[in-house]
Each structure stands twice: as C-alpha cells, then as structure tokens.
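These notes concern the structure reproduced below.
The values are calculated or read from the model by the stated rules, or taken from the named source; none is laboratory data. Keep in mind it's a predicted model, so treat the numbers as computed, not measured. No Cβ is skipped: glycine too gets one built from the backbone with ideal geometry, and neighbour counts run over all protein chains shown.
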Amino acid sequence: MKVIRDRLTRGEQADLVQTVLGIADEAPFYTPTMRGGAPFRVQITSAGVVGWTSDELGYRYVREHPGTKRPWPSIPDRTADLATAAATYAGFLGFKPDTCLVNLYRDGSKRGLHRDDDELDKTAPIVSVSLGDTCKFRFGGASKSGPFTDWELRSGDIVVFGGPSRLAWHGVSKILRGTSGLVPGGGRLNLTIRKALA
Ligand code: MD3
Ligand code: FE
C-alpha cells in the first residue's frame, strides 16, 4: 500500500468531481444490495468495459448498468492516465485499468470490512482516489480479525494497493462530515480504478 498525499490540487479535485458527475449523468448512482437483500450504505456507479455490482446474485462485474441496461460510460482518458501514473509511481508498471468504481458516501455512510476478490487479474494493483469529506479508513492484512491500522484519507489523496496488500481486509469506518465542501450535496466520493478482466 502506497499513500500519495495531496496528489491532486483543489482545482484538479474540482475538475475530477465534475468528471464523476458526468459519468453519473449517463450511469446514475444507485444503492446495491447484499445477496440477502440488505442495502449497502454506499451508492455506486461505474465507468469502463465492466462495472462492479451487487444484488441477489452476489458480487460481480457486469457489462451494463443495472438500472439503465446500457453499457457503462468509458473511463475518461485523464482518469485512466492518473491511475496509471500513480501505479507506476508505486512500482507497478503497465497498469491498464478496465473499470472505475465510484463510491458515494453521504452522511453516516460506511463500508464494512471486506476484501476485493472479484477481479480476475490479482497481479494488477487497485488505485483509489479520495474526493470530498475525509474518511477513517481501516486497513488490515490476511485476517479479518486484524491487526489493523487506521488512516485518514483526505480529498486529493491517492492510494495504490498492490502486491501483498492487494487482498488485504479493509473498510471505511466513518465519514467526517463537513470536512470538505467539494462534493455537491456533501459527503465523499471515492474512485477505485482496477483491472477486473484477465
Ligand atoms: C485495499 N472502497 O470500493 S478505497 C471498494 O474508500 C473500497 O470507498 C473504499 O474498499 C472507499 O472496494 C476504500 C481503498 C481501497 C480500495 C481497494 C482496495 C483499499 C483496498 C483493494 C485491496 C486492498
Ligand atoms: Fe474494497
């Protein structure tokens, strides 16, 4: 795990929020559910060849937005290039993402402890970009029961998870409300840029 603090200026962050809102115009945010029907506390959408989703069939990547049934919008070139540059900086050469999951955390949203295990190519890193309100991020290792380290991820930070950290347990325990006015309507946006297909 490599944390790149303040990777984006405030202006670049604002531009990226507009980019995300453009994605959401074509592929609206929606609330996924667990297999048993319980809703996530996070809203999601995606860009790319495939997008991550969860419903009664479980977690998986799909080629169409579950609501609109249309293909996901492409990953904007500048977003893909930003992720490739961050991966390179962290030592992962040749990262070519095929999906960008966008998580929207409003007041009180969290994301329970989980591992990202649905991607076919586990040798590729995952690049995470934080925008808007600060969050408390909990990062562990191979065991769901810890030990953990707690991090604050702030707007403009980029984190690269690769190698041994790629399958680590992690979650978002809290959003610190009102720490940034960047996201219209408040809260936090997180982009996770991945290679899902082989
Ligand atoms: C560590 N998102 O979308 S980003 C997720 O802030 C997710 O929205 C959180 O966990 C968020 O799956 C955390 C940081 C992150 C993303 C992917 C990881 C950490 C990771 C994959 C492996 C290990
Ligand atoms: Fe995750």
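Okay, here's what the table says:
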{"read-out": "Matching strands (runs of 3 or more DSSP E) fully within region 91-198 where at least 3 residues are within 13 Å of the chain's Cα centre (by Cα) and touching a residue at least 40 places away in the same chain (Cβ under 8 Å)", "value": "99-105, 126-132, 158-161, 170-175, 188-194"}
{"read-out": "Contacts under 6 angstrom Cβ, first residue in region 35-62 being at positive phi and at pLDDT 95 or above, partner part of a strand (DSSP E or B) and hydroxyl-bearing (Ser, Thr, Tyr), 6 or more apart", "value": "Gly48/Thr99"}
{"read-out": "Flag for Ser74 being surrounded by 12 or more Cβ atoms within 10 Å (Cβ to Cβ), among the hydroxyl-bearing types (Ser, Thr, Tyr) and either touching a residue at least 60 places away in the same chain (Cβ under 8 Å) or in a loop (DSSP other than H, G, I, E, B) (or both)", "value": "yes"}
{"read-out": "All positions within region 1-60 that are of a type in the set (Phe, Trp, Tyr) and either over 16 Å from Arg194 (Cβ atoms) or not in a strand (DSSP E or B) (or both)", "value": "Phe29, Tyr30, Phe40"}
{"read-out": "Test: residue in region 71-94 that is within 16 Å of ligand 2 (Cβ to nearest atom), out of contact with any strand residue (DSSP E or B) (no Cβ under 9 Å at 6 or more places or on another chain) and over 22 Å from Asp15 (Cβ atoms)", "value": "no"}
{"read-out": "Leading residue by the ranking (farthest from Gln18 (Cα to Cα)) among those in region 124-172 that are of a type in the set (Lys, Arg) and more than 12 Å from ligand 2 (Cβ to nearest atom)", "value": "Lys144"}
{"read-out": "Every residue from region 157-179 that is within 14 Å of ligand 1 (Cβ to nearest atom) and small (Gly, Ala, Ser)", "value": "Gly162, Gly163, Ser165, Ala168, Gly171, Ser173"}
